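K.L.:
Quick one: structure below, then a few questions.
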Amino acid sequence: MSGKEVRAVVNMAGIMGYFNFRQASPFDVTQFSVNLTNLALKVGPYHVHHFPVPSVRSTQCSNDNVGGHWNPFGANTSSSTYPAGPGSTHDMYEIGDLSAKHMSLNNSDAVDMTFTDFNLPLFGKNSIVGRSVVIHQNDGVKEHATSADESENQTSTLSNLSSRLCQYIQGTHVNS
Ligand SMILES: [Cu+2]
């Protein structure tokens, strides 16, 4: 069967790089890569949020538009048992809580890491494809958003609303 690979190419506010997600089949783990430069120690958490960025020229990167974290199983981040960082089994986290599951970008200028995620589907109703990735600044208020879409040849777009940034993930089907 055909695998899936989706990517957000980031070129916003000086930050360059990408998030890449690849899953060979619904029964395989997802390989999740983060490659970002020029973070300038300004950002920290990043998540898959519920909805895609509304349009290619969007100035609408707020949570009103992209929703909260992608969390179809209802993990409770307010619980005392919710993991504060990496090291717990992936079913303990919101699917979209990538920074808690894998690595915060706190105090980073450049990252180039690949992780194995056991709960980050690119297939089925819990898929992250067609949603958004948001990078939050360290103050927890400002954020940068990207949107996941598996259609091919979609043009990367950029918009900058105050300090929020929106960009689409471009996807391809890959042979597994
Ligand atoms: Cu977020």
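K.L.:
Determine, from the Cβ-Cβ distance of residue 107 and residue 28 and an R0 of 35 Å, the FRET efficiency 1/(1 + (r/R0)^6), rounded to the nearest 0.05.
P.N.:
In this case the efficiency is close to 0.60.
K.L.:
Something else about it: Can you run phi through the Karplus equation (6.51, -1.76, 1.60; θ = phi - 60°) for segment 30-40 and list ³J(HN,Hα) in whole Hz, with x for Gly and Pro?
P.N.:
Per-residue couplings from phi come out as 9, 8, 10, 10, 10, 9, 9, 10, 6, 6, 6 Hz.
K.L.:
Contour minus end-to-end for residue 138 and residue 76, with contour as 0.36 nm per residue of separation and end-to-end as the Cα-Cα distance?
P.N.:
Values: separation 62, 0.36 × 62 = 22.32 nm, distance 2.19 nm.
Fully extending the segment from residue 138 to residue 76 adds 20.1 nm.
K.L.:
Highest mean first, what order results for 80-90, 36-46 on Cβ atoms within 10 Å?
P.N.:
With the highest mean Cβ count within 10 Å placed first, the list reads 36-46, 80-90.
K.L.:
Near residue 75, within a Cβ-to-Cβ distance under 15 Å, what is the net charge of the other residues, with Lys and Arg +1 and Asp and Glu -1?
P.N.:
For residues surrounding residue 75, the net value is -3.
No value in this document is a laboratory result; all are computed from the given coordinates. Since this is a predicted model, take the numbers as computed values, not measurements. With ideal geometry, Cβ positions are generated from the backbone for all residues, glycine too; neighbour counts draw on all protein chains shown.
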